[in-house]
Amino acid sequence: MTVRPRNLAELSGTVDVAITVVEGPPRELTAGIGYGLEDQVRGQLQWQHNDFFGGGRQLGFRLKGSFIEQSVEGEFRQPYFLHPQQTLIAPLTQLRDDEPGFTVARIRFAPRVERKLMPQLTVSAGYNVEYDDLSDVPNSTIDRFEGGSEDYVARGVVSSLTGSLERNTTVDLLDPREGSVVNLTLEQAGGPWQGAYSFYTAVLDAKKYLPLPGRRTLAGRVRIGTGDGFGQSRDLPLFRRFFAGGITSTRGYDRHLVGPLNDDEKPVGGRSLLEASVEFRTPIYGPFGGVLFFDAGEVRRQNASYTLGDLKFGAGVGVRYHTLVGPLRVDLGIPFDPPRHEPHWQVHFSIGQAF
């Protein structure tokens with residue numbers, strides 16, 4: 001789209017504007033490469049068809065790879081599905097996720113319907129079916145399941161209903177400076193939908209951005225999660241447990257090292273999560289900005305269990321370099337109570353704000 005003023009010679013207070021709209025190419029191929037201290041080198045290759053068989057339908061495929069996750073993803077989008085404000089989204093994913101305490105290989109099909117109730121309010125409901133295969137799980141982690149090895153299922157099908165509700169009043173998606181985001185996500189697996197696992201999870205994520213004079217921003221975030229097994233399961237499967245610590249969590253701690261650990265000091269996750277962060281963001285010079293942050297987080301084995309006594313705290317400073325694709329960030333986090341054999345500081349490097 002091109003916007004061009006006309007008749008500037010006539011300074012009458014009213015300026016005619018000519019708008020030229022040209023349809024973009026229906027197909028596009030994009031590639032990207034990045035680096036983060038957690039997942040190290042990462043890359044992405046994506047092919048997108050923006051008008052698949054007309055009607056605004058979209059079909060895309062994406063290859064993603066890093067030292068933590070490797071995946072092949074396909075997604076189909078059907079706008080105006082049964083209603084002008086509804087969209088059918090049908091993603092199919094195959095991935096391998098190498099976490100500090102386990103490895104999981106997954107094939108997932110998770111169609112959902114999204115509906116925009118208001119410009120700032122979106123609700124979605126869907127069905128998720130996936131096959132998970134766990135490996136590299138230490139015996140000391142299995143022993144910490146509610147029923148020990150009897151309650152540990154290494155592989156099987158997850159059949160679940162999912163739902164979410166989100167209210168987003170921010171304007172800048174890459175670097176929000178005002179507004180708020182509140183998101184509630186629910187999942188229930190098992191029961192009438194069978195599968196090898198029976199559990200539920202609920203996560204509430206709230207973010208607030210308060211503009212301050214001088215293009216400064218005070219940003220805050222609270223994230224609360226809980227879940228548990230039921231029926232044939234007495235615990236959450238390892239790949240649905242909550243973890244904290246790392247580049248977008250309680251900085252100053254390495255990935256997933258906030259919460260219960262096994263005998264080898266590897267994370268085992270939990271059934272309750274509580275995280276909170278506050279950032280003061282300020283411009284420094286040109287595209288450079290600075291950040292002061294304070295983080296807190298806890299993960300507990302019990303469901304719906306929260307206590308200030310188990311909170312882990314971290315604080316630090318960061319530098320931002322603002323680009324067209326979002327800010328490049330470097331954070332230096334200092335843990336108040338570092339785990340044994342871990343450094344007393346962590347450097348986090350990535351693209352995009354922490355929240």
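For region 42-96, averaging the sequence separation of C-alpha pairs within contact (under 8 Å, six or more residues apart) and dividing by the residue count gives a relative contact order of 27 percent.
Here the Karplus relation 6.51 cos²θ - 1.76 cosθ + 1.60, evaluated at θ = phi - 60°, turns the backbone of region 99-105 into coupling constants of 9, x, x, 5, 10, 10, 10 Hz, with x for every Gly and Pro. Here's how it looks for G179: its modeled amide H is under 5 Å from those of Y209, which are all 5 or more places away or on a different chain. If a spin label sat at a point 7 angstrom from the Cα of Y80 along the line to its beta carbon, the backbone N atoms of region 36-56 nearer than 17 Å would be those of 50-56.
Per-residue ellipticity at 222 nm, computed for the chain from helices alone with -39500 (n - 2.57) per DSSP H run of at least four residues, works out to 0 deg cm²/dmol. Centre-to-centre separation between the Cα atoms of region 306-338 and those of region 74-127: 29 Å. In this calculation the C-beta distance from W345 to Q302 is compared with R0 = 51 Å, giving a FRET efficiency of 0.95.
A cut-off of 5 Å between modelled amide H atoms, ignoring neighbours fewer than 5 places along the same chain, links T250 with G245.
Taking 26 Å as the cut-off for C-alpha to C-alpha distance, list the pairs among K207/K312; K116/K312; K64/K208; K208/K266; K208/K312 that go past it. If you can, show how the numbers build up before the last one.
Numbers: K207/K312 20 Å; K116/K312 38 Å; K64/K208 30 Å; K208/K266 33 Å; K208/K312 22 Å.
Violating the 26 Å Cα-Cα cut-off are K116/K312; K64/K208; K208/K266.
Length, then width, then depth: along the principal axes, the Cα atoms of region 25-141 run 52, 31, 26 Å.
Exposure check, 1.4 Å probe, all protein chains in place: S249 carries approximately 20 Å² of accessible surface.
Name the GluC sites (Glu not before Pro) in region 14-60 that are in a loop by DSSP and that have at most 14 other C-beta atoms within 10 Å, would you?
Values: sites: E23, E28, E38; in loops: E23, E38.
Here the sparse-neighbourhood loop sites are E23.
A simple rule links phi to the HN-Hα coupling: the Karplus curve 6.51 cos²θ - 1.76 cosθ + 1.60 with θ = phi - 60°, which for region 306-320 gives 9, 8, 5, x, 9, 5, 9, 10, x, 8, x, 10, x, 10, 10 Hz, with x for Gly and Pro.
Give, in nm to one decimal, the length gained when the segment between R115 and F230 is fully stretched (0.36 nm per residue of separation minus the Cα-Cα distance). The partial results should precede the final answer.
Working: separation 115, 0.36 × 115 = 41.40 nm, distance 3.04 nm.
So the chain would gain 38.4 nm between R115 and F230.
With θ taken as phi - 60° and the Karplus curve 6.51 cos²θ - 1.76 cosθ + 1.60 applied, the whole-hertz 3J(HN,Hα) list for region 36-45 is x, 5, 7, 9, 6, 5, 9, x, 8, 10 Hz, x standing for glycine and proline.
Given R₀ = 30 Å, what would the calculated FRET efficiency be for Q40 paired with S140, taking r from the Cβ atoms and rounding to 0.05? Kindly include the intermediate steps, with their values, before the conclusion.
On the way: r = 27 Å, r/R0 = 0.90.
It comes to 0.65.
The values are calculated or read from the model by the stated rules, or taken from the named source; none is laboratory data. None of these values were measured; they are calculated from a predicted model. Because the Cβ atoms are built from the backbone with ideal geometry, glycine has one as well, and the counts that use them run over all protein chains shown. Protein only, heavy atoms only, side chains kept; ligands, DNA and RNA dropped before computing areas. Shrake-Rupley method; radii C 1.70, N 1.55, O 1.52, S 1.80 Å.
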